[in-house]
Amino acid sequence: MRCLLKGGQVYQGGSFFSADVAVEKGMVIDIASAISPRPGDRVFDFSNCYLVPGFVDVHVHLREPGFFYKETIKTGTQAAARGGYTAVCSMPNLNPAPDTLPNLKVQLDAIKKGAVVPVHPYGCITIGQKGAGLLADFSALAPHVIGFSDDGKGVQEEELMRLAMMAIAKTGKILAAHCEVDSLLRGGYIHDGPYARLHGHKGICSESETAQVVRDLKLVKETGCKYHVCHVSAKETVAAIREAKKQGVDVTCETAPHYLTMTDMDLMEEGRFKMNPPIREAADRAALLEGIMDGTIDMIATDHAPHSDAEKDRGLAGSLMGVVGLECAFKILYTKLVLEKKYLTLEELVHLMSIAPRKRFGIEGGLEKGMRADIAVIDPSVQGKINPDEFLSMGRATPFEDWETTGDIIMTMAGGKIVWEKKR
């Protein structure tokens, strides 16, 4: 059966134009100003809506295998589809950790069984995903993973990271680094800034992130490894990456919605404001915004990291690190950065959430004739409020609870299959 998406504003080549889109057998088969329905077509009227290539999140935690009580591949990818994502890259904080092919196969089997949208797993950098010790079997894992990461742990030893980069460079895959110097953490759990000092909390300094990024950028020059910095949060990190790009270093990076829309003075004494790296100061947010506007920051990822209610109910000091964001990322960013502050246009936001991650990580699909049909439909008129009780994700901890938003995803199509449709 052919699906005909009529009357929308279609994104192509960085701009929107009025067109109809025909999808059949999983592919975009036509985009034209007026496509006539055929008998048996399923026709959608998307007048006053935007059709964009489905978003890609290169940094999510799906928790399966090993931590089913936090999230499953099914619930996590349902949440992704609801948020307009048609592909996600899953981090290796799992049990078993995907550090060998047999361990990875456990995850691949679960993906095959439960995924609503395509899931591209990362393999570990180190055995057990410890950030130290022995390196994983990169050559065996490479054909089956999107890249390599020890997310949650920074690789502490410079020589170990050098060896990892040399070996990963041979595979052609990306090394996606969680950058954190353990010796600089000093027991901190939120940003070492005004809020921490006012409320007696232990702080995490920005240097703990930036110092390892600077080290890694030097190693990338030596090894030629494709390098991606996860969840950039600090102004000094933005500056270091900007300078490296000027020098031609093969580096990309991501930041997350909470770093772009909040500062540490927006924190409350609740676990839903606790993540790693932490939300930092106004100057850091300003640097991140400048970074996405000038191209230093390549893409926006959610770092969707669900935990159980019990694990997030212990305040800032006692709760586990991590918040969820797949279902609300687009509408938060569209509301705050496009409509209210006008830091970005919708076209630029689509580039950050879809085009750039697809290009860097080699993920197929989109909204062009002959492509696998990965499409998100945006209704810019929808008004709402973020209500975690309505999430499809098992995670409920979001710093955006009760935020009012404009615009929402009303349909998501992955490989030509409708994986989310909002009741209208």
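Per-residue answers, yes or no, for (1) free of Cβ contacts under 8 Å to residues at least 12 places away in the same chain; (2) open to solvent by less than 20 Å² (accessible area, probe 1.4 Å); (3) outside any loop (DSSP other than H, G, I, E, B):
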position	(1), (2), (3)
11	no, yes, yes
17	yes, no, yes
39	yes, no, no
52	no, yes, yes
68	yes, no, no
86	no, yes, yes
97	no, yes, no
117	no, yes, no
120	no, no, yes
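Do we find that residue 328 is crowded, with 19+ Cβ neighbours inside 10 Å and over 17 Å from the mean Cα position of the chain (by Cα) in this structure?
Considered against the rule, which asks whether it is crowded, with 19+ Cβ neighbours inside 10 Å and over 17 Å from the mean Cα position of the chain (by Cα), residue 328 comes out as no.
Restricting the search to region 241-269, which residues are in a helix (DSSP H, G or I) and out of contact with any strand residue (DSSP E or B) (no Cβ under 9 Å at 6 or more places or on another chain)?
Once the filter is applied, which keeps residues that are in a helix (DSSP H, G or I) and out of contact with any strand residue (DSSP E or B) (no Cβ under 9 Å at 6 or more places or on another chain), region 241-269 yields 242, 243, 246, 259, 261, 265, 266.
Out of everything in region 105-134 that is under 21 Å from the mean Cα position of the chain (by Cα) and of a type in the set (A, V, I, L, M), what residue ends up being farthest from residue 411 (Cα to Cα)?
So, considering only residues that are under 21 Å from the mean Cα position of the chain (by Cα) and of a type in the set (A, V, I, L, M), the one farthest from residue 411 (Cα to Cα) is 125.
If residue 79 satisfies every condition in (1) open to solvent by less than 20 Å² (accessible area, probe 1.4 Å); (2) without any contact (Cβ under 8 Å) to a residue 24 or more places away in the chain but one, which is the exception?
Single failed check for residue 79: (2).
Part of a strand (DSSP E or B), touching a helix residue (DSSP H, G or I) at 6+ places or on another chain (Cβ under 7 Å), of a type in the set (A, V, I, L, M, F, W, C) and in contact (Cβ under 8 Å) with a residue 40 or more places away in the chain - does that describe any residue in region 22-35?
Scanning region 22-35 turns up no residue that is part of a strand (DSSP E or B), touching a helix residue (DSSP H, G or I) at 6+ places or on another chain (Cβ under 7 Å), of a type in the set (A, V, I, L, M, F, W, C) and in contact (Cβ under 8 Å) with a residue 40 or more places away in the chain.
Do we have residue 192 as free of Cβ contacts under 8 Å to residues at least 60 places away in the same chain, acidic (Asp, Glu), surrounded by fewer than 19 Cβ atoms within 10 Å (Cβ to Cβ) and out of contact with any Asp or Glu (no Cβ under 6 Å at 6 or more places or on another chain) here?
no
Check whether at least one residue in region 348-355 is open to solvent by 20 Å² or more (accessible area, probe 1.4 Å) and under 30 Å from residue 196 (Cβ atoms), and report yes or no.
Checked against the condition, which is being open to solvent by 20 Å² or more (accessible area, probe 1.4 Å) and under 30 Å from residue 196 (Cβ atoms), region 348-355 yields no hits at all.
Take the residues in region 195-209 that are among the small types (Gly, Ala, Ser) and farther than 25 Å from residue 241 by Cα; name whichever of them is least open to solvent (accessible area, probe 1.4 Å).
Filtering region 195-209 for residues that are among the small types (Gly, Ala, Ser) and farther than 25 Å from residue 241 by Cα, the one least open to solvent (accessible area, probe 1.4 Å) comes out as 196.
Can we say residue 201 is assigned to a loop (DSSP other than H, G, I, E, B) and either hydroxyl-bearing (Ser, Thr, Tyr) or out of contact with any helix residue (DSSP H, G or I) (no Cβ under 7 Å at 6 or more places or on another chain) (or both)?
Judged against the criteria, residue 201 is not a match.
Could you run through region 224-240 and say how many residues are open to solvent by 10 Å² or more (accessible area, probe 1.4 Å) and either in a strand (DSSP E or B) or hydroxyl-bearing (Ser, Thr, Tyr) (or both)?
Result for region 224-240: 1.
Scan region 37-83 residue by residue and report those that are among the hydrophobic types (A, V, I, L, M, F, W, C) and within 23 Å of residue 21 (Cβ to Cβ).
43, 44, 46, 49, 51, 52, 55, 56, 80, 81
On the given criteria, is residue 282 open to solvent by 10 Å² or more (accessible area, probe 1.4 Å) and either touching a helix residue (DSSP H, G or I) at 6+ places or on another chain (Cβ under 8 Å) or among the hydroxyl-bearing types (Ser, Thr, Tyr) (or both)?
yes
What are the residues in region 306-322 that are open to solvent by 10 Å² or more (accessible area, probe 1.4 Å), among the small types (Gly, Ala, Ser) and not in a helix (DSSP H, G or I), if any?
308
Exactly one condition in (1) under 16 Å from residue 395 (Cα atoms); (2) open to solvent by 10 Å² or more (accessible area, probe 1.4 Å); (3) touching a strand residue (DSSP E or B) at 6+ places or on another chain (Cβ under 7 Å) is false for residue 60; which is it?
With (1) under 16 Å from residue 395 (Cα atoms); (2) open to solvent by 10 Å² or more (accessible area, probe 1.4 Å); (3) touching a strand residue (DSSP E or B) at 6+ places or on another chain (Cβ under 7 Å) applied to residue 60, the lone miss is (2).
Would you say residue 360 is in contact (Cβ under 8 Å) with a residue 40 or more places away in the chain, under 16 Å from residue 88 (Cα atoms), of a type outside the set (A, V, I, L, M, F, W, C) and surrounded by fewer than 22 Cβ atoms within 10 Å (Cβ to Cβ)?
For residue 360, the condition - in contact (Cβ under 8 Å) with a residue 40 or more places away in the chain, under 16 Å from residue 88 (Cα atoms), of a type outside the set (A, V, I, L, M, F, W, C) and surrounded by fewer than 22 Cβ atoms within 10 Å (Cβ to Cβ) - is met.
The values are calculated or read from the model by the stated rules, or taken from the named source; none is laboratory data. Note that the structure is predicted; figures quoted are calculated from it, not measured. Cβ sites come from the backbone with ideal geometry, for glycine too, and all protein chains shown count toward neighbours. Only protein heavy atoms, including side chains, enter the accessible area calculation; ligands, DNA and RNA are left aside. Shrake-Rupley method; radii C 1.70, N 1.55, O 1.52, S 1.80 Å.
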